[in-house]
Amino acid sequence: MSQTIKLTEAPKNTSLFVKAALGAVPVPGLSARKSTVPDRTVRLEGFKVDPDHLAAYCRATGLRFNDSLPLTYPFVLSFPLAMQLVVARDFPFVAVGAVHAENVIERTREISVAEPLDFETHIENLREHPKGLLVDAVTEISVGRELVWRQVTTFLHQQRTSLSGGPKPEPKPDEVPPAPFRTIRVDQKTISRYAAASGDHNPIHTSALGAKAFGFPKPIAHGMWSAANILGNIEGRIPEKATYAVKFGKPIFLPSTVNVYTDQVAGGWDLALKNPKKGFPHLTATVR
C-alpha cells in the first residue's frame with residue numbers, strides 16, 4: 001500500500017545520520033531487509049529558502065550568490081527527504097557507505113529565493129549492478145501548480161549481487177589528457193565546508209577512518225560538490241530551461257589537483273573533471 005509522509009519542516013541531518021549509523025548495526029530478532037523499495041513518498045510544502053544557508057552553499061561550491069537558486073542547490077534541500085526514506089529499517093540497504101553514481105536535473109525556469117517550494121520525493125528502480133545495488137531518488141519541486149525542478153539521483157550501495165564476480169572489461173590505457181581550461185585543488189578543508197553546507201556528513205567524505213571502513217584509501221570529494229563547482233565555469237551562460245546530466249567516475253581522493261574541461265557544443269556544454277596525469281574522468285556532464 002502506498003504511503004505518503006507529510007512533513008512540516010525538513011528533517012534534521014544530524015538525526016538522519018544517527019539513524020543511518022544505527023541502521024548499519026545488526027539487531028537480533030529483526031527480520032532481514034526487504035528486497036524491494038517501500039512504496040513511500042515524502043512531501044514538504046511551503047518551504048522557504050534560508051538566504052544564509054544559500055550563501056554558505058555558494059561559498060562552499062564557488063557559485064554566485066544572488067536572487068536565483070543555483071541549478072544544483074535544490075539537491076541539498078531535497079537530500080534530507082531522500083535520506084528519510086533510505087534510513088528506514090525496511091529499506092533494501094543501509095545508507096552509510098552508499099555513493100553517488102549519476103544525477104540528472106531538469107529545470108523549467110530559474111527559481112527565486114523568495115518563492116515557497118513544494119517538495120515530493122520517492123525512491124524507485126532498485127536494480128543490480130556488478131558493484132552492488134542501484135536505486136533512483138526522484139524529487140520534484142513545484143511552485144504552486146508549476147513544476148520548476150526535477151531530479152533523478154542514482155545511488156550505489158557496494159555489495160555482492162548476482163552480477164558480481166563476472167569477467168571484468170579490459171582496463172582502458174592511461175592517456176595524457178589535453179590541456180585543461182583550468183585546474184583546481186580539492187582538499188579536506190574544501191570538502192568539510194561543503195559537508196557543513198550540504199548536510200552530507202557521510203564518513204567517506206569527512207573521515208580517514210570512515211573512508212577506509214568502506215574501501216577507500218582516503219576521504220573522497222562529494223560528487224555533488226564536483227557537479228556544482230564545475231558549473232561555476234559557465235555561470236551566466238546556463239539557460240533558464242536546462243537539463244544537467246552528470247556521471248561520476250573514479251573518486252577524487254583528498255587532497256588532489258584535477259583538470260577542468262568546459263567545451264561549448266551545439267545546444268549547450270560538455271563538461272569534465274579529469275586526473276591530470278592519467279586522464280581518467282572523475283566527472284563527465286552535459287548541460288543542454
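Here are the numbers:
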quantity: Any hit, the stretch 213-234, residues being without any contact (Cβ under 8 Å) to a residue 60 or more places away in the chain and farther than 27 Å from residue 171 by Cβ; calculated: yes
quantity: Scope the stretch 183-217; condition touching a helix residue (DSSP H, G or I) at 6+ places or on another chain (Cβ under 7 Å) and among the charged types (D, E, K, R); matching residues; calculated: 193, 200
quantity: Pick from the stretch 178-209, criterion under 26 Å from the mean Cα position of the chain (by Cα) and assigned to a loop (DSSP other than H, G, I, E, B), ranking: surrounded by the fewest Cβ atoms within 10 Å (Cβ to Cβ); calculated: 187
quantity: Complete set of residues in the stretch 244-261 that are over 19 Å from the mean Cα position of the chain (by Cα) and hydroxyl-bearing (Ser, Thr, Tyr); calculated: 256, 257, 261
quantity: Residues satisfying the stated conditions in the stretch 228-247, i.e. of a type in the set (A, V, I, L, M, F, W, C) and open to solvent by less than 20 Å² (accessible area, probe 1.4 Å); calculated: 228, 230, 231, 234, 242, 246
quantity: Test result for residue 110, modelled with pLDDT of 95 or more and open to solvent by 30 Å² or more (accessible area, probe 1.4 Å); calculated: yes
quantity: Positions within the stretch 153-177 being among the β-branched types (Val, Ile, Thr) and open to solvent by 40 Å² or more (accessible area, probe 1.4 Å), in sequence order; calculated: 176
quantity: The stretch 52-74 residues that are open to solvent by 50 Å² or more (accessible area, probe 1.4 Å), paired with ones that are in a loop (DSSP other than H, G, I, E, B) and at pLDDT 95 or above (beta carbon under 6 Å, 6 or more apart); calculated: 67/113
quantity: Residue identified as closer than 22 Å to residue 132 by Cβ, part of a helix (DSSP H, G or I) and open to solvent by 40 Å² or more (accessible area, probe 1.4 Å) among 250, 212; calculated: 212
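The values are calculated or read from the model by the stated rules, or taken from the named source; none is laboratory data. Predicted model, so just to flag it, every value in this text is computed and none were measured. Heads up, the Cβs are rebuilt from the backbone with ideal geometry, glycines too, and the neighbour counts pull from every protein chain shown. Surface accessibility is based on the protein's heavy atoms, side chains included, excluding ligands, DNA and RNA. Shrake-Rupley method; radii C 1.70, N 1.55, O 1.52, S 1.80 Å.
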